[in-house]
Amino acid sequence: ASPTANAAPSRAFEWPGNVWTPELTPDRKKIVFSSDSRSPEHVFVYDREKRQSNPLTTGTSKNMMPAISPDGSLVAYVSNEKGNNDIWLVGIDGSNKLQITSGTEDDREPRWLPDGRGLIFTRIFERLKKSSIMKIMLDPMGEAIPVVENGKRNWLGDIAPDSRSLVFVRSMS
């Protein structure tokens with residue numbers, strides 16, 4: 001059953017550290033999240049039926065901000081594995097890791113297009129001053145193109161389920 005607005009919260013699982021950006025898979029069987037319980041921050045998947053977790057990322061790079069594809073098979077996330085924050089993909093089972101963006105900018109906050117064929121994300125050009133909402137198609141693989149670009153700080157973009165609206169934050173100062 002789905003929780004109601006006035007229902008008391010219940011702990012989904014015990015975890016030895018901070019948990020950030022948790023997201024349920026479409027079938028509600030798994031939760032993907034990032035945590036610094038193992039330094040640096042990594043992406044984990046928790047199986048709600050088996051009551052166990054597995055790391056999707058390991059190593060010395062910081063990995064964060066996971067987002068699950070609409071079909072539940074892939075996780076987009078942010079990693080500084082190559083020096084800058086870039087968008088990467090990995091299978092929900094930890095297989096087939098793939099770097100999606102690269103460059104000198106700071107790419108963050110990936111969100112899936114409702115059809116699963118691409119991502120939107122924030123590309124930071126000047127920290128706390130100038131960032132754009134970008135889109136990159138994955139099927140077929142394309143180049144990142146701006147969706148919102150106006151010389152201001154635009155971030156935290158998300159697309160409505162019907163793909164007709166984009167919501168985002170614009171900081172004016």
Could you list, ordered by first residue, the pairs with Cβ atoms under 7 Å in which the first is in the range 9-31 and on the phi > 0 side of the Ramachandran plot and the second is at pLDDT below 95 and of a type in the set (Gly, Ala, Ser), at least 6 apart or interchain?
Gly17/Ser37
Among (1) open to solvent by 40 Å² or more (accessible area, probe 1.4 Å); (2) of a type in the set (Ser, Thr, Tyr); (3) under 13 Å from the mean Cα position of the chain (by Cα), which single condition is Ser79 missing?
(1)
Of (1) open to solvent by 50 Å² or more (accessible area, probe 1.4 Å); (2) modelled with pLDDT of 95 or more; (3) farther than 24 Å from Gly116 by Cβ; (4) touching a Ser or Thr at 6+ places or on another chain (Cβ under 9 Å), Lys50 satisfies all except one. Which?
(4)
One residue is enough: does the range 69-89 have a residue meeting the conditions at pLDDT 95 or above, among the small types (Gly, Ala, Ser) and closer than 20 Å to Glu41 by Cα?
yes
Quick test for you: out of Gly72, Gly59, pick the one residue that is in a loop (DSSP other than H, G, I, E, B), closer than 24 Å to Gly116 by Cα and open to solvent by less than 60 Å² (accessible area, probe 1.4 Å).
Gly72
Going by the structure shown, is Arg123 in a strand (DSSP E or B), surrounded by 15 or more Cβ atoms within 10 Å (Cβ to Cβ) and either free of Cβ contacts under 8 Å to residues at least 12 places away in the same chain or in contact with a Lys or Arg (Cβ under 9 Å, 6 or more places away or on another chain) (or both)?
yes
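The values are calculated or read from the model by the stated rules, or taken from the named source; none is laboratory data. Just so it is clear, the model here is predicted, and its values are computed rather than measured. Using ideal geometry, Cβ is built from the backbone for each residue, glycine included, and neighbour counts are taken over all protein chains shown. Accessible surface is based on the protein model in full, side chains and every heavy atom, while ligands, DNA and RNA are left aside. Shrake-Rupley method; radii C 1.70, N 1.55, O 1.52, S 1.80 Å.
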